[in-house]
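The values are calculated or read from the model by the stated rules, or taken from the named source; none is laboratory data. The model shown is predicted, which means the values in this text are computed figures rather than measured ones. Methodologically, a virtual Cβ is constructed for each residue, glycine included, from the backbone with ideal geometry; neighbour enumeration extends over all protein chains shown. Keep in mind that these areas ignore ligands, DNA and RNA; they rest on the heavy atoms of the full protein, side chains included. Shrake-Rupley method; radii C 1.70, N 1.55, O 1.52, S 1.80 Å.
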Amino acid sequence: HLFFQTVLQGIILLPLRATCIAFIILLAWLFASIATFRHPGKGSVPLKGWRRMIQTTLTYLTRTLFFVMGFQVKVKGKIASLLEAPIFVAAPHSSFFDAIISALTGMPSIVSRAENLSTPVFGTILSSLQPVSVSRQDPDSRKNTVIEITKRALSRGQWPQILIFPEGTCTNRSCLITFKQGAFVPQVPVQPVLLRYPNKLFLPVHVPTEEEKNDPFLFANRVRQTMATALNVPVTDHTFEDCRLMISAGQLTLPMEAGLVEFTKISKKLNLKWNNVREQLDTFAAIASASKGGRIGIEEFAEYLKLPISDVLRELFLLFDRNGDGTIDFREYVIGLSILCNPANTEETIRMAFKLFDMDEDGTITENEFACIIQSALGVPELDVSMLFKEIDADETGKLSYDEFKDFALKHPEYAKLFTTYLELQRYQLDMLEEDDSESPEVKHSLVRKTTIPVTETPTARNKVCPEGNEEDNLSTSDKKDD
């Protein structure tokens, strides 16, 4: 009977509560409309006088709204005034209901998407808060947002306080992800606001040191660590971009955790761009498609490069496999490309590699010339490179032009490390020859006699290390040792 009585009371009270909520929202919309009616500047000029006093009414209406919805809030700590801290930084951000902070802090300005301002009813209420609007269509939006936040934070009371959720996205509150730097660029004191269910805590104002003023990244990290310590939760270097990569990984049938690369951390160190990393995820997914765990093994790596598993390939694989577990995850793949392959994949390197392959110097590379160098580089004389050659030969002429070679190299930077390794081998051999030239005539004459190669009908490559089929048979034991 008690159960049915409780359910019955809920059914009766539900329409009444919904009516109250709708009435409060419409009342707030009415006051917001009055505050913004014929206001000049459309957000570029702060509200003043009686318009700004309406914010107090909106504050009480918002508190009443959350109370009707069942929220009972306890505030611990002192709320900083506008002059003490122009910016509130609140975390962790987990839901729409975190907006209750606005009611408790006097309805400060917030950072919001420009599209939200056109939402019926709520758009008008939002406009009365004089938000800093962000447009996804504007490529300079992030830069303009930071400029606007800085202008308001340094206005000495002309603009209201600003409430920012520095994580930039919602989380599950189990940790604090990397803070965006927008709230810390103005170099002004900020008040950390800890949002915890079932309670809320305002920390003392964090006044930046001179070191923090000069480094917004350091400023953001120290505030985050202070807040994490008070919340008794860990911090992580993951960001909103990692969430986007996780979603993309799931769409590419990879495990979602494959997208966790600590984007902000590695992008700062390696100067990476989001679009480039997103494209690399597509390539990684294509390589790891045969792997159930979303990681690349030596077999998948070799298959993608269309090369056999050899000592040279194993060495390249180990350079990617940073933790030595025998597989490459997406983070290791991104770092490997950035540190090992992309720096080596320069115009100069590509041009040198093309000249290396073009043995007869006719401006094109035949399949035989291509096979000769690849076989030498990998130390596999019987290697069949026809599939790899056909992939590079876009126009199917049976010869590779420089443009085809360059286009393939730029799209597959993994080969750059193989090319540079082989070029280093050539330089080493040239240095050895120069040392031989500096020796006495008797020694040079002896070396010439020992390394003389019988003339054959097959032309010898300029680099003199092409593993032609019968060349080894024509060399003596001492010849092989010298080579």
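Between L319, L313, L307, which is open to solvent by 50 Å² or more (accessible area, probe 1.4 Å) and either on the phi < 0 side of the Ramachandran plot or free of Cβ contacts under 8 Å to residues at least 12 places away in the same chain (or both)?
Numbers: L313 fails: open to solvent by 50 Å² or more (accessible area, probe 1.4 Å); L307 fails: open to solvent by 50 Å² or more (accessible area, probe 1.4 Å).
Within the list L319, L313, L307, the selection yields L319.
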Quick count over the stretch 371-414, residues being more than 33 Å from the chain's Cα centre (by Cα), free of Cβ contacts under 8 Å to residues at least 24 places away in the same chain and surrounded by fewer than 17 Cβ atoms within 10 Å (Cβ to Cβ), is 7
Residue hits (the stretch 51-80; more than 13 Å from I100 (Cβ to Cβ) and within 38 Å of the chain's Cα centre (by Cα)) are K76, G77, K78, I79, A80
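If a residue must be among the aliphatic types (A, V, I, L, M) and part of a loop (DSSP other than H, G, I, E, B), how many such residues does the stretch 234-252 contain? Show your work before the answer.
Taking the stretch 234-252 first, the residues among the aliphatic types (A, V, I, L, M) are 235, 245-247, 249, 252.
Of the ones still in play, those that are also part of a loop (DSSP other than H, G, I, E, B) are 252.
Qualifying residue count for the region: 1.
Yes/no matrix, rows are residues, columns are (1) at pLDDT 80 or above; (2) at positive phi; (3) open to solvent by 30 Å² or more (accessible area, probe 1.4 Å); (4) more than 15 Å from the chain's Cα centre (by Cα):
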{"residue": "K268", "(1), (2), (3), (4)": "no, no, yes, no"}
{"residue": "K273", "(1), (2), (3), (4)": "no, no, yes, no"}
{"residue": "T283", "(1), (2), (3), (4)": "yes, no, yes, yes"}
{"residue": "S289", "(1), (2), (3), (4)": "no, no, yes, yes"}
{"residue": "G297", "(1), (2), (3), (4)": "yes, no, no, yes"}
{"residue": "E300", "(1), (2), (3), (4)": "yes, no, yes, yes"}
A careful count of residues in the stretch 132-153 that are modelled with pLDDT of 85 or more, open to solvent by 80 Å² or more (accessible area, probe 1.4 Å) and among the basic types (K, R) gives 2
request  = State whether the residues of the stretch 178-185 include one that is at pLDDT 90 or above, surrounded by fewer than 22 Cβ atoms within 10 Å (Cβ to Cβ) and touching a helix residue (DSSP H, G or I) at 6+ places or on another chain (Cβ under 8 Å).
outcome  = yes
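To keep it simple, each residue is scored yes or no on (1) in the same structural domain as V188 (by the TED database); (2) free of Cβ contacts under 8 Å to residues at least 40 places away in the same chain; (3) over 21 Å from V146 (Cβ atoms); (4) open to solvent by 20 Å² or more (accessible area, probe 1.4 Å).
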position	(1), (2), (3), (4)
V75	yes, no, yes, yes
S95	yes, no, yes, yes
A99	yes, yes, yes, yes
I110	yes, no, no, yes
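Taking the stated definitions as given, is V205 touching a strand residue (DSSP E or B) at 6+ places or on another chain (Cβ under 6 Å) and not assigned by the TED database to the domain that holds P139? Break it down stepwise before answering.
On the way: touching a strand residue (DSSP E or B) at 6+ places or on another chain (Cβ under 6 Å): yes; not assigned by the TED database to the domain that holds P139: yes.
When the stated conditions are applied, V205 passes them.
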Being touching a residue at least 40 places away in the same chain (Cβ under 8 Å) and β-branched (V, I, T), is that true of even one residue in the stretch 130-151?
-> yes
With criteria (1) of a type outside the set (A, V, I, L, M, F, W, C); (2) farther than 20 Å from P166 by Cβ; (3) buried (at least 18 other Cβ atoms within 10 Å of the Cβ), T105 comes up short on (2)
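On the given criteria, is I125 outside any loop (DSSP other than H, G, I, E, B), surrounded by 21 or more Cβ atoms within 10 Å (Cβ to Cβ), out of contact with any helix residue (DSSP H, G or I) (no Cβ under 7 Å at 6 or more places or on another chain) and among the hydrophobic types (A, V, I, L, M, F, W, C)?
Details: outside any loop (DSSP other than H, G, I, E, B): yes; surrounded by 21 or more Cβ atoms within 10 Å (Cβ to Cβ): yes; out of contact with any helix residue (DSSP H, G or I) (no Cβ under 7 Å at 6 or more places or on another chain): no; among the hydrophobic types (A, V, I, L, M, F, W, C): yes.
No.
Quick check: is even one residue across the stretch 132-146 in contact with a Phe, Trp or Tyr (Cβ under 9 Å, 6 or more places away or on another chain) and in the same structural domain as C20 (by the TED database)? Show your work before the answer.
Filtering the stretch 132-146 for residues in contact with a Phe, Trp or Tyr (Cβ under 9 Å, 6 or more places away or on another chain) gives none.
No, the stretch 132-146 contains no residue that is in contact with a Phe, Trp or Tyr (Cβ under 9 Å, 6 or more places away or on another chain) and in the same structural domain as C20 (by the TED database).
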Of the listed residues (S248, S174), the one being in contact (Cβ under 8 Å) with a residue 12 or more places away in the chain, polar (S, T, N, Q) and in the same structural domain as A99 (by the TED database) is S174
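Which strands (runs of 3 or more DSSP E) does the stretch 128-233 wholly contain that include 2 or more residues that are out of contact with any Pro (no Cβ under 7 Å at 6 or more places or on another chain), charged (D, E, K, R) and on the phi > 0 side of the Ramachandran plot? Full working, then the answer.
Details: elements: 132-134, 162-164, 190-195, 200-202.
The strands (runs of 3 or more DSSP E) meeting that bar number zero.
Looking for something surrounded by fewer than 20 Cβ atoms within 10 Å (Cβ to Cβ), under 21 Å from the mean Cα position of the chain (by Cα), at pLDDT 90 or above and not hydroxyl-bearing (S, T, Y) - is there at least one such residue anywhere in the stretch 208-219? Reasoning before the result, please.
Let us first name the residues in the stretch 208-219 that are surrounded by fewer than 20 Cβ atoms within 10 Å (Cβ to Cβ), namely 209-215, 217-218.
The next check asks that each one be under 21 Å from the mean Cα position of the chain (by Cα); those that pass are 215, 217-218.
When the remaining residues are screened for being at pLDDT 90 or above, the result is 215, 218.
The next check asks that each one be not hydroxyl-bearing (S, T, Y); those that pass are 215, 218.
Looking for residues that are surrounded by fewer than 20 Cβ atoms within 10 Å (Cβ to Cβ), under 21 Å from the mean Cα position of the chain (by Cα), at pLDDT 90 or above and not hydroxyl-bearing (S, T, Y), one finds at least one in the stretch 208-219, hence yes.
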